[in-house]
Amino acid sequence: MHVLSSSVADTDIRIRTATSADGDTIVELASLVDLHVPSEAVSAALAPMRFALTATDDGPLSHRENHFLIAEDRESRPVGAIVCGPPNWIAKPGRAPGLVRRRLVHRLSTVHALAVRPDHRGRGIGRALLQQAEKTFHEAGYAALTLRHERELTRFYERLGYTSSSRLSLTLPTGELLTLVDRGWKHAFKVLSSSVSTTTVQGLPTLTGVLSD
Ligand SMILES: CC(C)(COP(=O)(O)OP(=O)(O)OC[C@H]1O[C@@H](n2cnc3c(N)ncnc32)[C@H](O)[C@@H]1OP(=O)(O)O)[C@@H](O)C(=O)NCCC(=O)NCCS
């Protein structure tokens, strides 16, 4: 477990990487996010997070291709968390050719959950968790961070440097344009590498050069 320097104005808050003992904490905090699934399906939807936490690794991310951070108060009570990992669509057949898929996992990550306890919101904790994760992914050589969000959070993410749109759009090295839409969600991305650019393709902001180095 690593304690990371935190940019939360409130110095009582510290951010650390999660450990395999944090399964319940991560699931409880991630449950604060409306996943757009029936309540009886939430546990199954979050099960991959528990599983990913059992991996051990000394890599740049906390758990292989997944990265878990927890924000804690002075009494070490968890008050917020961020869960990042490979986008689910990468594994779906037909989305991207196998080789491209394997490379994409190391260049593109997604925020599966960002959550702060209601009584701790508005104190910069969500922003600090996101920015800390961005720093780690940037240093690990990732091209961009993506996420899905509620329409109401468009301004929140745009102010943090994200480009938000109705679809996720990216060009593959094959020249193919990959676009994804999830009903009821907006997609957003933030470029983390100077080798990646944002262009407009078919009217959509599009990530270009994700696999260029
Ligand atoms: C979204 C969420 C993570 C924000 O966490 P937070 O700790 O309250 O956010 P911060 O205090 O770091 O806010 C950073 C900035 O965004 C603004 N902001 C916070 N929530 C906002 C919202 N819902 N809409 C617009 N702006 C918002 C803050 O006012 C702050 O502005 P500032 O830079 O002027 O100070 C939190 O509200 C939450 O857990 N929501 C429920 C779960 C969820 O929906 N997660 C996102 C989907 S994955």
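The values are calculated or read from the model by the stated rules, or taken from the named source; none is laboratory data. If you're wondering where the values come from, they're calculated on a predicted model, not measured in any experiment. Ideal geometry is used to build each Cβ from the backbone, glycine not excepted, and the neighbour counts take in all protein chains shown. When the accessible area is computed, the model is the full protein with side chains, heavy atoms only, and any ligands, DNA or RNA have been set aside. Shrake-Rupley method; radii C 1.70, N 1.55, O 1.52, S 1.80 Å.
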Subject >> Criterion violated by LEU129 - all others in (1) within 18 Å of THR208 (Cβ to Cβ); (2) crowded, with 16+ Cβ neighbours inside 10 Å; (3) in contact with a strand residue (DSSP E or B) (Cβ under 9 Å, 6 or more places away or on another chain) satisfied >> reply: (1)
Original post:
Can you tell me which residues in the range 23-42 are of a type in the set (Gly, Ala, Ser) and surrounded by 12 or more Cβ atoms within 10 Å (Cβ to Cβ)?
Top reply: GLY23, ALA30, SER31
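Answer yes or no as to whether ASP119 is of a type in the set (Asp, Glu), within 14 Å of the ligand (Cβ to nearest atom) and in a helix (DSSP H, G or I). Reasoning before the result, please.
Numbers: of a type in the set (Asp, Glu): yes; within 14 Å of the ligand (Cβ to nearest atom): yes; in a helix (DSSP H, G or I): yes.
Judged against the criteria, ASP119 is a match.
Restricting attention to the range 132-155, which residues are touching a helix residue (DSSP H, G or I) at 6+ places or on another chain (Cβ under 8 Å) and either more than 9 Å from the ligand (Cβ to nearest atom) or free of Cβ contacts under 8 Å to residues at least 40 places away in the same chain (or both)? Write out each step before concluding.
Quick first cut of the range 132-155, residues touching a helix residue (DSSP H, G or I) at 6+ places or on another chain (Cβ under 8 Å) only: 145, 147, 149.
Across the range 132-155, the qualifying residues are LEU145, HIS149.
Give the residue that is farthest from ALA81 (Cα to Cα), with candidates limited to residues of the range 102-116 that are in a strand (DSSP E or B) and open to solvent by less than 30 Å² (accessible area, probe 1.4 Å). First the steps, then the outcome.
Here is the first cut: in the range 102-116, the ones in a strand (DSSP E or B) are 108-116.
Narrowing the set further to residues that are open to solvent by less than 30 Å² (accessible area, probe 1.4 Å) leaves 108-111, 113, 115-116.
Working: LEU108: 20, SER109: 16, THR110: 14, VAL111: 11, ALA113: 8, ALA115: 6, VAL116: 7 Å.
Among them, the one singled out is LEU108.
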Original post:
Got a number for residues in the range 74-86 being assigned to a loop (DSSP other than H, G, I, E, B) and touching a residue at least 60 places away in the same chain (Cβ under 8 Å)?
Top reply: 1
**OP:** Please work out if LEU99 is of a type in the set (A, V, I, L, M), within 16 Å of the ligand (Cβ to nearest atom) and either crowded, with 21+ Cβ neighbours inside 10 Å or not in a strand (DSSP E or B) (or both).
**Re:** no
Original post:
Only one of (1) in a helix (DSSP H, G or I); (2) in contact with a Gly (Cβ under 6 Å, 6 or more places away or on another chain) is not met by ALA71, so which one is it?
Top reply: (1)
